[in-house]
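This report refers to the structure that appears directly beneath it.
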Amino acid sequence: MTNVIEARGISKDYGTGASQVLALHAVNLAVERGAFVAIMGPSGCGKSTLLNLLAGLDRPTAGEVWLDGERIDELSEADLARLRRRKVGFVFQSFNLIPTLSAGENVELPLRLAGRRRRDARRTADRLLADLGIENRRNTAPAVLSGGEQQRVALARALANAPDIVFADEPTGNLDSVAAREVLGLLRSVRERGQTLLVVTHDARVAAAADRVVTLRDGQVSTETTLGAVRQVAQLLEVGQRS
Amino acid sequence: MIATLLKLSFAGIRLRLLASTLTILLTGAAAATIVLTLEVGTTARDPWMRTFNAAHGAHVLASFRSEADSRTVANLPGVVESDRPVPMATATMIVDGREVRVLLAGLDGQPQINVPVQMEGSGVRAGTIVLENSLAQALGIPVGTSLTFTTPSGPNELEVVGTAVLPSQPRYPRSNPGLAWVTRTTLEQLVPDQGSWRWQGAVRLTDPSTAPAFVGSAYRLFPPGTVYLQSWQDQRAEALREADPIKVIATAYALLLIIVSVAVIAILIGARVSGQYREIALLKAVGLTPRQVSTIFAIEAATLGAVGILIGFVPGVLLAPRLAAPAAATLLGSPEVAANPWHILVAGGVILPVIVVSAFAAARKSTRSTVLQAIHSGTLLPASGSRLGRAITASALPIPMMLGLRDLFARRNRAVWLIFAIVVTGTAMVATLSMQAALNARPSGEVSDVPAELPALAFTLDAVLAVITWSALVAVSLLSIRERIRDFGVLRAIGLTPNQVTSSLVSVHSAIALISSLISIPVGLALYLAIYWLASGSSDTKLVTTPWWWLVAVPIAIPFATAVASSLPARLAAQIPPADAVRYE
């Protein structure tokens, strides 16, 4: 399988001199197309920094980032923005919906940025909101939506242009257990549609749904566990026991 | 508690030097115009009194149809001194090929009262003429010039031997025809028809303060319309009317500056409240009531306003004599600094309540949310989902502009105040341009009764207004960016380029500026006509001679200045990496 995301020896420093903080150090990571990868680790280990660098939201201090065969750490900000428009969806922990736009308008926005006609964008946004069960909240302001609803709108916005890769930073971090379960179900459906999914999480349930778990410690990859094979074996064992 | 509120207010002033400076500048400019309005009328008071004393001025001056009538006034009770009546007649002289009407006083020896105070040359003698000083200056006639008078018997040449002033004679051309002195014999040669003469009598009273009452009782002795009487107080008021156009302009600008200060204070306090939303919630959490929180902002505005008024008093006082300088042509000495302390109190009495109330109201409105809401959200949440907002989204506007407009109208109060401030500034500019155009449109050689300093004053005040409004625009841009940094990060994460982020701010502010400046054109023309009407009593729309390209320059210059004001902060905001922007609180 081809790698859709590749990090080659990426490092990230913040600050200078004595106050310099090394957030990531020479991280290598490759993610295959269609994979669901969870990134875990203690607070401050560099999970979100890694996700931001891979999504092109920030630039590494050293190393290379490749996205779908294109080196993105050298792209201009405008080219990066266009690339994100086409290929990337991003879900934030704190939802980050645009407060002056309604739920539906938040979902329409990336579609219109990608050049879709207003009516077409509206139709697609309506379908996405219906798929996520919040079609009745279309004209509602983000401020009056519940956390779970906001995260569903954020997910709909991230999926609007059917991006190849969806990045999610602690998507269940601010949700209660019921809402977290719902969002996890939605993430699974993303993966089932064949989109690549990279999720930073502390939530073991989210990690358990992934194909691979990458654990960071002190800005470096400490372990990588492939769960897909384990899960397949477990499923086979389960089928065998039933029969 | 008062000490705590004061401490918090002063901490706010120290922490926000830009906003504090802007408030001081604004109130200082408003105070300067108010002080100028009040001072300009009084700066010539002392020089006029000196001229009156030097001329042994008339407590009552009377103009009659017959010489005999003047004796009636001279014999009235209360008169301590009277003089022979002086014959007056209008003649025509040729100056630079143009006919100029002039009022000639035919002196028969040296008068005892209302004596012409010599400024240059010598006194009048047969075959010569002495010109009133402002007339000689306005027409550019130096001593030694030979003037040709048209008389029934043909041209008559008179040499100008001197210039003089009189306390009863206002400046030419406001008082037109101007005044000149000849001997009585010369007057008989120039205007032989004595039926067209009038007689001017001058008396002094035992008690000068009774002059107005004396005038009233004297009028009753003559048939209506046959006599014109003027007390010394009327003469002084007429001489000091020189400052009227300046007073009207300064009053108009004082009003405009006060209006803009309401808008800018509301914007700045709104910005402060938004920036300190969580802090305000914490103050409320520890026991401050919304009224006390608003009081902090009101104290802050009052303190800055008081500083601004004190600073504004100085230029107001110093500018007043300069702007009243044209009056010097009719006086012994130039207008002087008056520096009446009451004027600072008047300025304070007008400005302070306005800024304190607007600060209190702006803060009060923003302190209504619950403590928990404020602490959780950390920022004042904008309104969303309005019909106007949906219409903007559904429109065919480019996405950056649509996003900018949605944000602007989500904070409607700020948008309205911003539009208001730009309209007022544009209005002032259009009015000044119209005034300048009217001055330019006068036939060449025609002497203007508008002091040359008037357009300069108006353009200076325009510049002050423009600087204040521009600074407010920068403040609004910075505020919008501060409030939207996280949104900008999100927008860039979903595909907006840095240029689109910049244009979402710049294009909206420029569009608002364009609309506001278009509104300001008719309003500015109306203001110009109103000022003209107040200063001269005429309100003919033909007075509007402003070239269309001058007017077009306003909706070009204002949006351009707005784009400059918002583009630099917007570009800086667009350069923040999205990952950092979304973490911003």
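The values are calculated or read from the model by the stated rules, or taken from the named source; none is laboratory data. Predicted model, so just to flag it, every value in this text is computed and none were measured. Cβ sites come from the backbone with ideal geometry, for glycine too, and all protein chains shown count toward neighbours. Quick note on the areas: whole protein, heavy atoms, side chains included, nothing else; ligands and nucleic acids left out. Shrake-Rupley method; radii C 1.70, N 1.55, O 1.52, S 1.80 Å.
Would the stretch B:417-437 turn up any residue that is small (Gly, Ala, Ser) and over 22 Å from residue B:517 (Cβ atoms)?
no
May I ask you to verify whether residue B:91 is under 27 Å from residue B:344 (Cα atoms), small (Gly, Ala, Ser) and modelled with pLDDT of 85 or more?
no
Of all residues in the stretch B:151-164 being at pLDDT below 90 and either of a type in the set (Ser, Thr, Tyr) or outside the structural domain of residue B:102 (by TED's automatic domain parsing) (or both), which is surrounded by the most Cβ atoms within 10 Å (Cβ to Cβ)?
B:151
If you go through the stretch B:475-507, how many residues are more than 12 Å from chain A (Cβ to nearest Cβ) and hydrophobic (A, V, I, L, M, F, W, C)?
Matching residues across the stretch B:475-507 total 7.
Just one of A:77, A:70 is open to solvent by 10 Å² or more (accessible area, probe 1.4 Å) and farther than 20 Å from residue B:490 by Cα; which is it?
A:70
To keep it simple, each residue is scored yes or no on (1) touching a Ser or Thr at 6+ places or on another chain (Cβ under 7 Å); (2) open to solvent by 20 Å² or more (accessible area, probe 1.4 Å); (3) under 30 Å from residue B:464 (Cβ atoms).
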site: B:19; (1), (2), (3): no, yes, yes
site: B:25; (1), (2), (3): no, yes, yes
site: B:28; (1), (2), (3): no, no, yes
site: B:33; (1), (2), (3): no, no, yes
site: B:36; (1), (2), (3): no, no, yes
site: B:39; (1), (2), (3): no, no, yes
site: B:64; (1), (2), (3): yes, no, no
site: B:70; (1), (2), (3): no, no, no
site: B:75; (1), (2), (3): no, yes, no
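Hey, does the stretch B:387-404 have a residue that's surrounded by 19 or more Cβ atoms within 10 Å (Cβ to Cβ), at pLDDT below 80 and in a helix (DSSP H, G or I)?
yes
Being modelled with pLDDT under 80 and more than 16 Å from the chain's Cα centre (by Cα) narrows it down to one of B:444, B:504, so name that one.
Sole residue among the options that is modelled with pLDDT under 80 and more than 16 Å from the chain's Cα centre (by Cα): B:444.
Inside the stretch A:57-86, can you point out the residues that are away from chain B (no Cβ under 11 Å), closer than 20 Å to residue A:14 by Cα and among the acidic types (Asp, Glu)?
A:64, A:73, A:74, listed by residue number.
Looking at B:511, B:535, which one is assigned to a helix (DSSP H, G or I), surrounded by fewer than 22 Cβ atoms within 10 Å (Cβ to Cβ) and modelled with pLDDT under 85?
Only one candidate qualifies: B:535.
Go through the stretch B:123-143 and count every residue that is under 40 Å from the mean Cα position of the chain (by Cα) and open to solvent by 40 Å² or more (accessible area, probe 1.4 Å).
4
Being modelled with pLDDT under 90 and part of a helix (DSSP H, G or I) is the filter here; which residues of the stretch B:219-235 pass it?
Within the stretch B:219-235, just B:219 meets the criteria.
Can you tell me how many residues in the stretch B:575-585 are out of contact with any Lys or Arg (no Cβ under 8 Å at 6 or more places or on another chain), surrounded by 17 or more Cβ atoms within 10 Å (Cβ to Cβ) and either outside any loop (DSSP other than H, G, I, E, B) or at pLDDT 90 or above (or both)?
1
List the strands (runs of 3 or more DSSP E) that sit entirely inside the stretch B:43-109 and contain at least 3 residues that are assigned by TED's automatic domain parsing to the domain that holds residue B:149 and of a type in the set (D, E, K, R).
Because the criterion is at least 3 residues that are assigned by TED's automatic domain parsing to the domain that holds residue B:149 and of a type in the set (D, E, K, R), the strands (runs of 3 or more DSSP E) in the stretch B:43-109 that meet it are B:98-107.
This table checks each residue for (1) within 13 Å of another protein chain (Cβ to nearest Cβ); (2) touching a strand residue (DSSP E or B) at 6+ places or on another chain (Cβ under 9 Å); (3) within 20 Å of residue B:393 (Cα to Cα).
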site	(1), (2), (3)
A:121	yes, no, yes
A:126	no, no, yes
A:133	no, no, no
A:159	yes, yes, no
A:166	yes, yes, no
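Kindly indicate which of B:465, B:505 is among the aliphatic types (A, V, I, L, M), within 29 Å of residue B:551 (Cα to Cα) and in contact with a Gly (Cβ under 7 Å, 6 or more places away or on another chain).
Checking each option against the conditions leaves just B:505.
Could you check, for the stretch B:165-175, whether at least one of its residues is over 30 Å from the mean Cα position of the chain (by Cα) and at pLDDT 90 or above?
Checking the stretch B:165-175: not a single residue is over 30 Å from the mean Cα position of the chain (by Cα) and at pLDDT 90 or above.
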